1. Eigenvalues of the Cα gyration tensor times 5, then square-rooted: what semi-axes does that give for the range A:84-183, in whole angstrom, largest first?
2. At 222 nm, what helix-only mean residue ellipticity would chain B give, in deg cm²/dmol to the nearest 500, using -39500 (n - 2.57) for each DSSP H run of four or more?
3. Rounded to a whole number, what is D in µm²/s for the range A:119-255 from Stokes-Einstein with the Kirkwood radius over alpha-carbon pairs (20 °C, 1.002 mPa s)?
4. Just going by the charge dipole of the range A:98-217, with Lys and Arg at +1 and Asp and Glu at -1 on Cβ, which of A:Ser177, A:Ala207, A:Gly197 is farthest out on the positive end?
5. Rg/Rh for the range B:19-134: what does it come to with C-alpha atoms and Rh from Kirkwood?
6. Of A:Lys129/A:Lys149; A:Lys129/A:Lys229; A:Lys229/A:Lys250; A:Lys149/A:Lys229; A:Lys176/A:Lys229; A:Lys149/A:Lys176, which sit over 31 Å apart, Cα to Cα?
7. Translational D (Stokes-Einstein, µm²/s) of chain A at 37 °C and 0.692 mPa s when Rh comes from the Kirkwood sum over C-alpha pairs?
8. With an 8 Å Cα cut-off and a minimum separation of 6 or more residues, compute the relative contact order for chain B in percent.
Amino acid sequence: MVVETKEKTKTVTLIITRQDSPDSAPYEETFEVPYRKNMNVISALMEIQKNPVNADGEKVSPVQWEMACLEEVCGACSMVINGRAQQSCSALVDELEQPIRIEPMSTFPVVRDLIVDRSRMFEDLKRIKAWIPIDGTHDLGPGPRMPEKKRQWAYELSKCMTCGVCLEACPNVNDKSDFIGPALLSLPRLYNAHPTGAMNKSERLNALLEDGGIAECGNSQNCVQVCPKGIPLTTSIAAMNRATTIQAFKNFFGSDNAH
Amino acid sequence: MKEHREFFYRRLHSLLGVVPIGIFLVQHLVVNHFIVYGRESFDKAANFMANLPFVLMLEIFVIYLPILFHAVLGVYIVFEAKNNVRRYGYFRNWMFLLQRITGIITLIFIAWHVWETRVQVGLGNVELNSGLMEGILTQPFLFWFYVIGILSTVFHLANGLWSFCVSWGIAQTPRSQQIVTYFTVIVFIVVSYIGLRTIIEFAYLI
């Protein structure tokens, strides 16, 4: 019984960088929420939603954030927690130093509070042709088979959920540069590894050759350290560096294999 | 075809850093090391280099233009980055920052170094011999300026060799990139030794 009372009085302190609208100035607000065992940052934010009162006892508008799957596969709940970009669903309160500082990712335009607009990544997915065209006017039949070994490493690349954490950690993705970002350099490798996708290999590589493409990478390798899915991003970037070098030579000198 | 110019410039920047600039740097430090074998050896070597056939053309196309291009695009690259080692203090992120800091130091150092040696020799104000460098390096401030300049230049080359191997897709796997890191540490130590040994000779031992 005594233990229970103790647990009830225990609180979690959150310092959240808030912003009321895309154009308004950001400000910090502190919240105290009751502690529960095995809380993650999202459940702490839900407590604020239930009782939107800040540490000064003022009733405020509840903090807004984005979430969907709650199991680190959708990429929607990325935010900067204690200085490090990560998924808030898998950020456990017990493992975080208090007070927990939460900010929106600074690489993307803020919509409100912790909600950012990641649509630049969607535009770039289209730019690098992050898909495999299989539709024809008639049934094209089954495609070529994929070697198992290749499938295994390609599967790791397919875990990318365009969460934007690698873009946030990259020193070369910012408002002074038009760099496409690490995730978008890894995905062409995934689609080029696929035997059907390989038929459009050069289109994806040529997209990486464009301004703001792969050449802007400065090899700080933060991306591979922060990727929540453990994707070998720097291996992919180096692989695409090699592929784009060869593609550039083929483009200039000519090649029948530049499909 | 859409703009591929940036890709071309960045790859050219990476290539020029190694060939010819990197090769020139090592050659330059090795030739200067002749001072360790005495004034005569140094003066003979320096005059041999200064009197190579077509020396001005060699200087322009092998040294000045490549360095100028590397410097101009390099400064642009420095200001493009938004460094974040405070938040993400990983080894490679520090190297990324140091590559940019040493790039700027090296640019200042080279500008000063060329001004007080090559330009002054060209203007006929000083004579190209061991006395010129002795006069510079026996001044404590300039000696330390040269120590920092040489270390910064050699670091920039050694770490640049690593990014060259990655940027051209030579080293792909984490393992190979790690081995290249070890290799570049050795390059840094060996080439720094050659450079520092030379200026210590000029400053204290000659």
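1. Details: eigenvalues 233, 73, 33 Å².
Value: 34, 19, 13 Å, ordered largest first.
2. Details: 9 runs with 141 residues, N = 206.
Rounded to the nearest 500, it is -22500 deg cm²/dmol.
3. Values: Rh = 15.5 Å.
Reported coefficient: 138 µm²/s.
4. Of the candidates, A:Gly197 comes out farthest on the positive side.
5. On the way: Rg = 17.6 Å, Rh = 16.5 Å.
Result for the range B:19-134 is an Rg/Rh of 1.07.
6. Details: A:Lys129/A:Lys149 24 Å; A:Lys129/A:Lys229 22 Å; A:Lys229/A:Lys250 34 Å; A:Lys149/A:Lys229 20 Å; A:Lys176/A:Lys229 28 Å; A:Lys149/A:Lys176 40 Å.
Too far apart for the 31 Å limit: A:Lys229/A:Lys250; A:Lys149/A:Lys176.
7. It comes out at roughly 160 µm²/s.
8. Working: 163 pairs, mean separation 64.9, N = 206.
The normalised contact order for chain B reaches 32 percent.
We did not get these values from a lab; they are worked out from the coordinates using the rules stated. For clarity, every value in this text was computed on a predicted model and none was experimentally measured. No Cβ is skipped: glycine too gets one built from the backbone with ideal geometry, and neighbour counts run over all protein chains shown.
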